[in-house]
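Undergrad: Here it is, the structure in full.
Just so you know, all these numbers are worked out from the coordinates, no wet-lab data involved. Keep in mind that what you see is a predicted model, and the values were worked out from it rather than measured. Ideal geometry is used to build each Cβ from the backbone, glycine not excepted, and the neighbour counts take in all protein chains shown.
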Amino acid sequence: MEINNNYEPKHDWNVAENAQPRTYVFQDFERKFPPRTVAVLKRLYLGLDAVTEMDYQVNVARMTPKEAAIAWMSQNSKQVESWMAQE
């Protein structure tokens, strides 16, 4: 995952088929936050299936966004643990 400090929303609306996911942060993020926080965000990835599942839970099953996220995280604990792993 790439961390991009130059957020320009106009470039994100037309996503190419092979586009790489990005996490957008403010310019001094990597300097102002602990290395572990930066490392976790670099590993974090939610694919289309995860986003679709949580969207369904919020918009159809009427969960709150927080409830949907917690449910997804508990069902995908190995993936969440891989994001949080110590280096």
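Undergrad: Quick check: pseudo-label points 7 Å beyond the Cα along Cα→Cβ at Arg62 and Gln86, how many nm apart are they?
TA: 4.5 nm
Undergrad: Another question, then. Quick check on region 46-87: what does the Kirkwood estimate of hydrodynamic radius come out to from the alpha carbon pairs, in Å?
TA: One decimal place: 10.7 Å for the Kirkwood radius.
Undergrad: Follow-up question, since we're still on this one. I need the phi-derived Karplus couplings for region 54-64: 6.51 cos²θ - 1.76 cosθ + 1.60, θ = phi - 60°, integer Hz, Gly and Pro marked x.
TA: Rounded to whole hertz, the list is 5, 4, 4, 4, 6, 8, 10, 7, 6, 6, 6.
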